[in-house]
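Chemist: The structure that follows is given in the form of structure tokens.
Nothing in this text is a laboratory measurement; each read-out follows from the coordinates by a stated rule. All figures in this text were calculated on a predicted structure; none of them were measured in a lab. Don't worry about glycine lacking a Cβ; one is built from the backbone with ideal geometry, like all the others, and counts go over all protein chains shown.
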Amino acid sequence: MPGKSNRLLPLDASSPSGGCRKPLFGLDAESLAAYMAEIGEPVWRGVQVSEALYRQWVNDISEITTLPKSLRLRLVAEGWQIARPAIAKAFQSSDGTERYLVECGPADPLAVETVWMPDGDGGEAGDENETGESHDLRCPGSRFWDPGNHDPQPTGRSRKQDWRRATICVSSQVGCAVNCQFCLTAKLGLQRNLNAGEIAGQVVAVLERHAVRVDRDRVNLVFMGMGEPFLNYDNFMAAVRLLVREVGLSPLRMTVSTSGIVPGIERFAQEPLDLRPKLAISLNAPNDHIRAEVMPINRKWPIGEVIDAVRRVPLRPRERITFEYVLLAGVTDRPEHAREVARLVRRTGLPAKVNLIAWNPGPGIVYKTPESGSVEAFQHTLAGAGIPAYVRQPRGRDIFAACGQLKRTVEG
Ligand code: SAH
Ligand code: SF4
């Protein structure tokens, strides 16, 4: 339900949070206030806990100094912990990108993957609140499978650094059930859904690592890591509400990408505008025939049905729908495909832009990365037909951090 609060979801054992049965991180101010009332404390104690969790990013209940010591001790005695997901390993790319294994707790064997791109990847270009600048057509050769530096500590980058183009790529599930043929995450299958605290916790862990000032820096979030957010809808939207209301990030700087889960898009259309991210659809093919081959989910929800659902999403002034388009050499990158995509996007009548992504390789996947010339030609065809088209840079390919490469790659 739109606007629903995250009422004590973590106590549900089907939604583990690192073996901690009572994590505070993940509860919103409303739930925390309700809990305080339940134990006979003033409700504003809940707001104090929320501020400590989401604004001050405390790691231990003893650090919530706005609470009397007796209350802190009581919370601990009752089994509560902060239990915010933490960066266990960091892989650093030569291009500045970092990929993290984020652990949701010591007893949780499944780490989730989160990516930090200090300069974005060009996908944000052309947005209403444009932050990206360059989208040159460089397509560096991949030196993949070199896991790089494993130091989970911050890199000590100067805080004078301006993060206004930085982007955090967030996971919504461990693995994915959707089975797109070009995506490495698909190889994992669905391991489990992440809960709201685990999704929002990835963001807070990265904000803390880079000393981001939420009120001044304008980082972008993309829900484009592991998993299909619209197949974990309630937890995903609960995380968005935490990030907007409690952490203080703007939904205008958030984009969620879906492979085209129609019931999820229909629910998304009901969300209040001040709480919902922008929407990206992974189109990835010029027609149903090719799309069904590369994204079997197309047999369930073909392009026409996806577009019909997207049309029902009320847009903000100047907001555009993004169509993500992965270019697979010889399969989806031909000049005739570009013309077909231009016609398709025009026919939708939607204010739209297309983000082109040259396929990022992964072991055991047979596709080929397109030549930079065909990426450029594709972009020019779309632009010539009046469709804004941008090329997303393959950030962090050398550490397996680029789109579709997230698969809990710990070793080489
Ligand atoms: N599950 C959601 C969001 C995560 S995938 C979705 O599919 O939209 C984020 C983006 O990465 C999608 O647009 C997807 O098509 C793209 N992608 C997946 N594998 C890729 C790969 N190997 N190379 C380039 N892009 C890829
Ligand atoms: Fe899942 Fe998205 Fe990968 Fe498809 S592209 S398998 S939906 S993560």
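Chemist: Quick one: 3J(HN,Hα) in Hz for the range 363-378, Karplus 6.51/-1.76/1.60 with θ = phi - 60°, rounded, Gly and Pro as x.
Modeler: x, x, 10, 8, 5, 10, 6, x, 5, 4, x, 6, 5, 4, 5, 4
Chemist: So, one more: Stokes-Einstein diffusion coefficient for the range 22-81 at 20 °C in a medium of 1.002 mPa s, Rh from the Kirkwood formula over Cα pairs: what value in µm²/s? Show your work: numbers first, answer last.
Modeler: On the way: Rh = 11.2 Å.
Translational diffusion coefficient: 192 µm²/s.
Chemist: Hey, another quick one. Hey, can you grab everything whose amide H is under 5 Å from the amide H of residue 222? Only 5+ residues off in sequence or another chain; H modelled, so Pro and N-termini drop out.
Modeler: 168, 169, 170, 255
Chemist: Fewest to most neighbouring Cβ within 10 Å: what's the order for 372, 50, 172?
Modeler: Fewest to most other Cβ atoms nearby, the residues stand as 372, 50, 172.
Chemist: Taking Cα pairs under 8 Å and at least six residues apart, what relative contact order does the range 86-399 come out at, in percent?
Modeler: Worked out over the range 86-399, it gives 21 percent.
Chemist: I would also like to ask the following. Among 95, 398, 60, 234, which comes first, second and so on when ranked by fewest other beta-carbon atoms within 10 Å?
Modeler: Least to most surrounded, the residues fall as 60, 234, 95, 398.
Chemist: While we're on this one: Arrange 53, 249 by Cβ neighbour counts within 10 Å, fewest through most, would you?
Modeler: Exposure proxy ranking, most exposed first: 249, 53.
Chemist: Can I ask one more? Sticking to Cα atoms, compute the Rg of the range 257-412 to one decimal and its Dmax as the biggest Cα-Cα distance, whole number, in Å.
Modeler: Answer for the range 257-412, Rg first and Dmax second: 15.8, 46 Å.
Chemist: Return the inverse of the average 1/r over all pairs of distinct C-alpha atoms in the range 168-310, which is the Kirkwood hydrodynamic radius, in Å to one decimal.
Modeler: Details: mean 1/r = 0.0641 Å⁻¹.
Over the range 168-310, the inverse of the mean reciprocal pair distance is 15.6 Å.
Chemist: Could you work out how far the C-alpha centroid of the range 48-120 sits from that of the range 178-230, in angstrom?
Modeler: 14
Chemist: Moving to a separate point now. Per 10 Å bin, what is the whole-percent P(r) computed from every C-alpha pair distance within the range 86-399?
Modeler: 6, 28, 39, 23, 4, 0
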